[in-house]
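Asks: Supplied in structure tokens, the structure appears directly below.
Throughout, read-outs are computed from the coordinates displayed, never taken from laboratory work. Just so you know, these numbers come straight off a predicted model, no measurement behind them. Here the Cβ positions follow ideal geometry from the backbone for every residue, glycine too, while neighbour counts run over all protein chains shown.
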Amino acid sequence: MRVGRVLHGSGSPDEPYGVNGPGLRSVVWLQGCTLACKGCINMWSWSENSVLARDVAPRSFARELVEGSDEGTKGVTLSGGEPLQQAAEVLEFVRELKRLQPDWSVFMFTGHTDREVLTELSHEAALLLTRECDVTVTGRFERSRRCHGVWRGSGNQQVVFRSDRYRHLEDGLKHQIPLVGEIHLNNDGTLIKTGFTARSVNL
Ligand code: SF4
């Protein structure tokens, strides 16, 4: 499994509509995406050979993530790079995470649509990974359809509640004023920006 960035402590315990999903979360950006959406400002994640990238064993990475997470963390968010292009490894990671932290939720941003999962990706792991998620945000970022919705960068993208855990938030998506982003200062002095801006998709 090839990972780009990891961020602990995204969001806050009382914020259901945080830029990376509900509550306090750890975020994993997978490394590698072939979808090449025009306007993606997350281009560092496209190549598998970014300087940020590292190969991790899915199960030990799950343990590492739990150990590094902030107190009160409620789940993991998978972001791109493209999680479904490493579906088998990410599935193994998520299943181990759920074994370690059964109360954590899983939120996934993917450029693939549900139809593609069923018809084109044609491998079981992509479908199973999708089913492990509580919420997915699906579809390419389309610059011409840019919008300022909660969790979405363009109007074609769909927020899908796949379990009941956050279904009560669904109505709020229509009325909520979207948060724009977060900036985190790491211990090593580097910055991670995450979220949405008028010109961007999820970072
Ligand atoms: S927006 Fe997401 S799916 Fe599209 S190219 Fe960027 S990382 Fe890939």
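Asks: For LYS74, which lysines qualify as cross-link partners when the Cα separation must be under 24 Å and same-chain residues fewer than eight apart are set aside?
Replies: Excluding near neighbours in sequence, the set is LYS98, LYS174, LYS193.
Asks: At most 12 other C-beta atoms within 10 Å and a DSSP loop state: those are the exposed GluC sites (Glu not before Pro) I care about. Give me the longest piece of the chain that has none. Don't skip to the end; give the middle numbers.
Replies: On the way: sites that count: GLU71, GLU120, GLU170.
Within the chain, the longest run free of exposed GluC sites (Glu not before Pro) spans 1-70.
Asks: Here's a follow-up. With springs only between Cα atoms under 10 Å apart, run a GNM on the chain and tell me which of ARG131, ARG143, ARG115 wobbles the most.
Replies: The residue with the greatest mean-square fluctuation here is ARG115.
Asks: In the neighborhood of GLU132, defined by Cβ-to-Cβ distances under 9 Å, what is the net charge if each Lys or Arg adds +1 and each Asp or Glu adds -1? Don't skip to the end; give the middle numbers.
Replies: On the way: positive: ARG95, LYS98, ARG131, ARG162; negative: ASP134.
Neighbourhood net charge equals +3.
Asks: In the chain, what percentage of the DSSP-assigned beta bridges are antiparallel, given to the nearest 5?
Replies: Numbers: 18 of 31 bridges.
Here the antiparallel bridges make up roughly 60 percent for the chain.
Asks: So what is the relative contact order of the chain, in percent, for Cα pairs below 8 Å that sit 6 or more residues apart?
Replies: In percent, rounded to a whole number, it is 20.
Asks: Then there's this: Where in the range 30-45 does the amide nitrogen come within less than 18 Å of the point 7 Å from the Cα of LEU100, taken along Cα to Cβ?
Replies: Within reach of a label on LEU100: 30-31.
Asks: At 7 Å along the Cα-to-beta-carbon direction for both LEU118 and LYS174, put a label point, then send me their distance in nm to one decimal.
Replies: With each label point 7 Å from Cα toward Cβ, the separation is 2.5 nm.
Asks: In whole Å, how far is the Cα centre of the range 114-187 from that of the range 1-65?
Replies: A separation of 14 Å, based on Cα centres.
Asks: By count of other Cβ within 10 Å, fewest leading, how are ASP70, ASP188 ordered? Display every interim value, and only then the final one.
Replies: Values: ASP70 12, ASP188 5.
Lowest count first: ASP188, ASP70.
Asks: Please find, in a Gaussian network model of the chain (springs between Cα atoms separated by less than 10 Å), the residue of LEU35, LEU129, LEU24 whose mean-square fluctuation is greatest.
Replies: Maximum fluctuation in the GNM of the chain, among the listed residues, is at LEU35.
Asks: Quick one: Debye curve from the C-alpha atoms of the range 2-195, no solvent, what's log10 I(q)/I(0) at q = 0.14 Å⁻¹?
Replies: Debye intensities relative to I(0), on a log10 scale: -0.76.
Asks: Still on this structure, please answer the following. So how many Å³ per residue does the convex hull of the Cα atoms of the range 22-80 work out to? Present the calculation step by step, with values, prior to reporting the outcome.
Replies: Values: hull volume 6.2 nm³, N = 59.
Cα convex hull per residue, to the nearest whole number: 104 Å³.
Asks: Also, quick follow-up: State, to one decimal in nm, how far the label point of VAL66 lies from the label point of ASN186, with both points 7 Å from Cα in the Cβ direction.
Replies: Using points 7 Å along Cα→Cβ, the separation is 2.4 nm.
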